[in-house]
1. Quick one: L50 ticks every box in (1) open to solvent by 40 Å² or more (accessible area, probe 1.4 Å); (2) under 22 Å from V36 (Cβ atoms); (3) touching a residue at least 12 places away in the same chain (Cβ under 8 Å) except a single one, so which number is it?
2. Any idea which of V58, V124 is among the β-branched types (V, I, T), under 30 Å from R199 (Cβ atoms) and out of contact with any helix residue (DSSP H, G or I) (no Cβ under 7 Å at 6 or more places or on another chain)?
3. Say we look at region 72-102 and pick out the residues that are open to solvent by less than 50 Å² (accessible area, probe 1.4 Å) and more than 14 Å from the chain's Cα centre (by Cα); which of these is nearest to S210 (Cα to Cα)?
4. Between a first residue in region 102-114 that is on the phi > 0 side of the Ramachandran plot and in a loop (DSSP other than H, G, I, E, B) and a second residue that is polar (S, T, N, Q) and open to solvent by less than 10 Å² (accessible area, probe 1.4 Å), which pairs have beta carbons less than 6 Å apart while being 6 or more apart in sequence or on different chains?
5. Return the pair list, or none, for Cβ contacts closer than 6 Å from residues in region 143-163 that are free of Cβ contacts under 8 Å to residues at least 60 places away in the same chain and within 15 Å of E72 (Cβ to Cβ) to residues that are surrounded by 13 or more Cβ atoms within 10 Å (Cβ to Cβ) and not polar (S, T, N, Q), at least 6 apart or on different chains.
6. Within region 38-58, which residues are part of a loop (DSSP other than H, G, I, E, B), small (G, A, S) and closer than 18 Å to T107 by Cβ?
7. Just wondering, is there one or more residues in region 62-78 that are closer than 17 Å to S189 by Cα, out of contact with any Pro (no Cβ under 8 Å at 6 or more places or on another chain) and assigned to a loop (DSSP other than H, G, I, E, B)?
8. Exactly one of these conditions fails for Y231: (1) touching an Asp or Glu at 6+ places or on another chain (Cβ under 9 Å); (2) at pLDDT 90 or above; (3) among the hydroxyl-bearing types (S, T, Y). Give me its number.
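The values are calculated or read from the model by the stated rules, or taken from the named source; none is laboratory data. Keep in mind that what you see is a predicted model, and the values were worked out from it rather than measured. Cβ placement follows ideal geometry from the backbone for every residue including glycine, while neighbour counts extend to all protein chains displayed. For accessibility, only protein heavy atoms count, side chains too; no ligands or nucleic acids. Shrake-Rupley method; radii C 1.70, N 1.55, O 1.52, S 1.80 Å.
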Amino acid sequence: MSRRRGRAGIVLGAVLMVAVMAGCSTGEKPMGSESVLDAAGVTQAEAEALTPEQRFDVFGERYVAMHELLAEAQREISEGEWKWLVKGAAAYGGLESPISLHGATSTNSYTVTATSSIRLPGAVGERSDLDPMLAFYDSHGWEYQVTELRGKRHWAKANTGTGFWLDYMVQPNGYYSISIFSEAFWGDSSELLAAVVDRLPESVIEIGPSVPGVYIPFPKWSDPVIEPDFYYRTTKPTPPPKPTPRGEEPAE
């Protein structure tokens, strides 16, 4: 696979839902948003006062925290290899957060998210297959809700109380998935996406199925910029394709 195609894949994954929500934002600061605190207890002005390097490093800390929690949840289900549906090496617009942030738009805020999937032997999406994850939620004292979705799929969503939400879905085709989302943080999602993707070599981006705890390592600010402004040059010409619902795999 060419470097351009592989890097474009991660970029398009980050802008799929941003493009859908772009029409909801004018780019102006709504009245009263100046004092609104994000998931980290920071105002928009305080976030904007950071240097680009500081914003990059803070994003990296949140990225690592997300993957550590995802790995903990994965191990409750299987220590085997999980397929990456959303690799997580990108900042998504804050409108994708599970909790709304007053004044947030698709560009002035961001959320970190990742999704992995595994096919368990003999699994057919029974409601009881949620039990190991529900026990995990209970062990941490997290609030959660269980929902039956169309297609006889079952879904368990938990609020960890730490700014992250976990979704676990089981379905008849045997592909079970875990998604993790952060609440919204103030920051330019496009700036962060470009800063990260431009520093990731192709060999790192093309991560295959992996065991819990193995994921794309977050780059350092001092790492060489491999392809400057790659994000901007590959997303402007045409809108991204319609996204596939999170956590789903093709039925066989």
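1. Here L50 meets the rest and fails (3).
2. That would be V58, the only listed residue that is among the β-branched types (V, I, T), under 30 Å from R199 (Cβ atoms) and out of contact with any helix residue (DSSP H, G or I) (no Cβ under 7 Å at 6 or more places or on another chain).
3. Here the residue is W82.
4. Pairs found: G103/S33.
5. A158/Y137; A158/W142; A158/Y144; A158/L166
6. Matches in region 38-58: A39 only.
7. No, every residue in region 62-78 fails to be closer than 17 Å to S189 by Cα, out of contact with any Pro (no Cβ under 8 Å at 6 or more places or on another chain) and assigned to a loop (DSSP other than H, G, I, E, B).
8. (2)
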